[in-house]
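Colleague: Can you read through this structure? Questions will come right after.
The values are calculated or read from the model by the stated rules, or taken from the named source; none is laboratory data. Fair warning: this is a prediction, and the values are worked out from it, not measured in the lab. Cβ placement follows ideal geometry from the backbone for every residue including glycine, while neighbour counts extend to all protein chains displayed.
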Amino acid sequence: MASKIIGKWQITVGVLAGFSYEFRENGSFNGELPMYNVKFSGTFKTNESVTPHEIDIQVTEHTYGDGGKGEVLGIFELDGDTLKMKLNEPGKPRWTDINAYYYYQKS
């Protein structure tokens with residue numbers, strides 16, 4: 001079964017407006033933070049059998065080089081066309097606080 005996270009998601013308000021992720025069915029993703037001219041990509045997998053859902057991202061390419069690469073662990077929930085997601089920094093434990101979600105709109 002394909003993950004419901006497949007598609008392009010973008011923050012539309014606030015200081016991170018424009019920040020986006022595009023998750024593809026083949027398990028790859030692209031991310032972009034245009035205001036800082038940052039692009040990154042790699043692979044991802046989800047565990048949607050738990051609540052909140054878990055996402056593991058492997059960043060293999062990053063504008064800032066090795067400093068931005070690595071395994072990034074997080075949580076997410078989907079509510080219609082809204083993706084609520086929070087990721088930790090590379091190499092840190094899985095984020096668990098649902099009150100810290102960033103909100104992405106499907107585009």
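Colleague: How many residues are in a loop (DSSP other than H, G, I, E, B), in contact (Cβ under 8 Å) with a residue 24 or more places away in the chain and among the aromatic types (Phe, Trp, Tyr) when one looks only at segment 71-95?
Modeller: So the count comes out to 0.
Colleague: Looking only at segment 3-42, count every residue that is under 12 Å from the mean Cα position of the chain (by Cα) and of a type outside the set (Lys, Arg) and tell me the total.
Modeller: Looking only at that region, the number is 20.
Colleague: Exactly one of these conditions fails for Ser49: (1) surrounded by 14 or more Cβ atoms within 10 Å (Cβ to Cβ); (2) of a type in the set (Ser, Thr, Tyr); (3) modelled with pLDDT of 95 or more; (4) part of a loop (DSSP other than H, G, I, E, B). Give me its number.
Modeller: (1)
Colleague: Could you grab the pairs with beta carbons closer than 6 Å, sequence gap of 6+ or different chains, first residue in segment 12-27 and among the aliphatic types (A, V, I, L, M), second one part of a loop (DSSP other than H, G, I, E, B)?
Modeller: Ala17/Ile11
Colleague: If I ask for residues that are out of contact with any Asp or Glu (no Cβ under 8 Å at 6 or more places or on another chain), over 16 Å from Asp81 (Cα atoms) and crowded, with 16+ Cβ neighbours inside 10 Å, which ones from segment 3-44 would you list?
Modeller: Result: Leu16, Glu32.
Colleague: Quick check on my filter: what residues within segment 25-61 are among the basic types (Lys, Arg) and under 16 Å from Lys8 (Cβ atoms)?
Modeller: Restricting attention to segment 25-61, the residues satisfying the condition of being among the basic types (Lys, Arg) are 39, 45.
Hit for segment 25-61 is Lys39, nothing else.
Colleague: Next question, about the same structure. Of Lys8, Lys4, which residue is in contact (Cβ under 8 Å) with a residue 60 or more places away in the chain and either touching a Ser or Thr at 6+ places or on another chain (Cβ under 6 Å) or small (Gly, Ala, Ser) (or both)?
Modeller: Only one candidate passes the filter, namely Lys8.
Colleague: Right, next: Which of the residues that make up segment 53-107 are touching a helix residue (DSSP H, G or I) at 6+ places or on another chain (Cβ under 8 Å) and closer than 15 Å to Glu32 by Cβ? Break it down into steps so the answer makes sense when it comes.
Modeller: Within segment 53-107, the first condition is being touching a helix residue (DSSP H, G or I) at 6+ places or on another chain (Cβ under 8 Å), and the residues that meet it are 59, 62, 75, 77, 84, 86, 90.
Val59, His62, listed by residue number.
Colleague: Across segment 96-107, which residue is modelled with the lowest pLDDT among those that are in a loop (DSSP other than H, G, I, E, B) and closer than 21 Å to Val15 by Cα?
Modeller: Ser107
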